[in-house]
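Novice: Sharing a structure below in structure tokens format, with a few things to ask.
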Amino acid sequence: MSIDATGAGAIADPFSSAAGLRDLYYARFGFAAVWAVFIALAAPALPSAGVVALLVIYPLFDVAAAVIDYRVSGTDGPRGALYVNMVLSLAAAAGLGAVFASGISNVLRVWGVWAITAGIVQLLVAILRYRLGGQWAMILSGGISVLAGGSFILQASGPNASLGQVVGYATVGGIFFLISAIRLHRVVKAQ
């Protein structure tokens, strides 16, 4: 699937897009924070259906967020990249559900591949939207996601594989969404 970068991510209605993204980013922050608490509490109960559900819910929420993002972006937004994100997140949810019974190492490998690929897409989307404002945190978040994904894959091969880093990953990602939401809030307020 190719990513259509025509229009360089231009937004048809910057005010409407900024307001929609701001609200979406606040929601993503809230979800990440709550999810991180639940996974931290549930992880010691491995293996459990609750942990599997939590692991699968995270990328499914990412799909839902990409759908909303697609709708608020307008016709000139980074639609191709958002499609790619939806596909990657659906594949991650399926992969996490499929490998959970085989152990944390495989969960970390799937999560790592997803973090790398989704981070690349997030980085691209943020670069395409840079003129909209509030995107420098998304650029950093995409880059950190790529690095974190590599770390998950490396940890999966070690003797101390755990979901602890996944909690940190969600928390840091949520903080970056909050920073971008606050920056976009200022953009919308200045309109």
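The values are calculated or read from the model by the stated rules, or taken from the named source; none is laboratory data. For clarity, every value in this text was computed on a predicted model and none was experimentally measured. Note: ideal-geometry Cβ built from the backbone for every residue, glycine included; neighbour counts use all protein chains shown. Side chains included, ligands, DNA and RNA excluded: accessible areas come from the protein's heavy atoms. Shrake-Rupley method; radii C 1.70, N 1.55, O 1.52, S 1.80 Å.
Novice: Accessible surface of residue 152 in the full protein assembly, 1.4 angstrom probe, to the nearest 10 Å²?
Specialist: Only protein atoms counted, so the area is about 0 Å².
Novice: Write down the accessible area per residue of the stretch 145-191 in Å², having rolled a 1.4 Å probe over the full set of protein chains.
Specialist: Result: 51 Å² per residue.
Novice: Expressed as a whole percentage, what fraction of the accessible surface of the chain belongs to carbon and sulfur atoms when a 1.4 Å probe is rolled over the protein heavy atoms?
Specialist: Carbon and sulfur together cover 70 percent of it.
Novice: Which peptide among 24-32, 155-163 comes first, and what is the full order, when sorted by highest mean count of other Cβ atoms within 10 Å? Mind dumping the intermediate values first?
Specialist: Working: 24-32: 19.8, 155-163: 14.0.
Ranking, from highest mean packing down: 24-32, 155-163.
Novice: Continuing with this model, one more query. So what are the ³J(HN,Hα) numbers for the stretch 110-127, from phi and the Karplus equation (6.51, -1.76, 1.60; θ = phi - 60°), rounded to whole Hz, Gly and Pro as x?
Specialist: Taking θ as phi minus 60°, the curve returns 5, 4, x, 4, 4, 4, 5, 5, 5, x, 4, 5, 4, 4, 4, 4, 5, 5 Hz for the stretch 110-127.
Novice: Assuming R0 = 30 Å, can you tell me the calculated FRET efficiency for the pair residue 102 and residue 175, based on Cβ-Cβ distance, to the nearest 0.05?
Specialist: According to the calculation, E is roughly 0.45.
Novice: Continuing with the same structure: Quick one: net charge around residue 173, please, counting Lys, Arg +1 and Asp, Glu -1 for every other residue with C-beta under 14 Å from its C-beta.
Specialist: Net charge in that neighbourhood comes out at 0.
Novice: Using only Cα atoms, tell me the angle between helix 136-156 and the longest principal axis of the chain; keep it within 0 to 90° and round to the nearest 10.
Specialist: Roughly 20 degrees between the two axes.
Novice: Turning to a different aspect of this structure: Restricting things to alpha carbons, tell me how big the stretch 39-157 is in terms of Rg and Dmax, in Å.
Specialist: My reading of the Cα-based Rg and Dmax gives 15.1, 46 Å.
Novice: Same structure again: Enter the angle in degrees (range 0 to 90, nearest 10) between the Cα long axis of helix 14-42 and the first principal axis of the Cα atoms of the chain, meaning the one along which they spread out most.
Specialist: Roughly 10 degrees between the two axes.
Novice: I've got another one for you. Rolling a 1.4 Å sphere over the protein heavy atoms, what is the accessible area per residue of the stretch 56-98, to the nearest Å²? Before the final figure, lay out the partial values.
Specialist: Working: 1770 Å² over 43 residues.
Ligands and nucleic acids excluded, the figure is 41 Å² per residue.
Novice: Can you give me the long-range amide H partners of residue 103? Hydrogens built in the peptide plane at 1.01 Å from N, cutoff under 5 Å, separation of 5 or more residues or another chain.
Specialist: Correct list: empty.
Novice: Within 13 Å, Cβ to Cβ, of residue 64, how many net charges do the neighbouring residues add up to if Lys/Arg are +1 and Asp/Glu are -1? Display every interim value, and only then the final one.
Specialist: Values: positive: 28, 71; negative: 62, 69.
Every neighbour counted, the sum reads 0.
Novice: FRET efficiency for residue 71 and residue 157, Cβ-Cβ distance as r, R0 = 45 Å, nearest 0.05?
Specialist: It comes out at approximately 0.65.
Novice: Right, here's the next one. Return the distance in nm (one decimal) between the two label points of a simple spin-label model at residue 87 and residue 182, each offset 7 Å from Cα along Cα→Cβ.
Specialist: In this crude spin-label approximation the distance works out to 3.7 nm.
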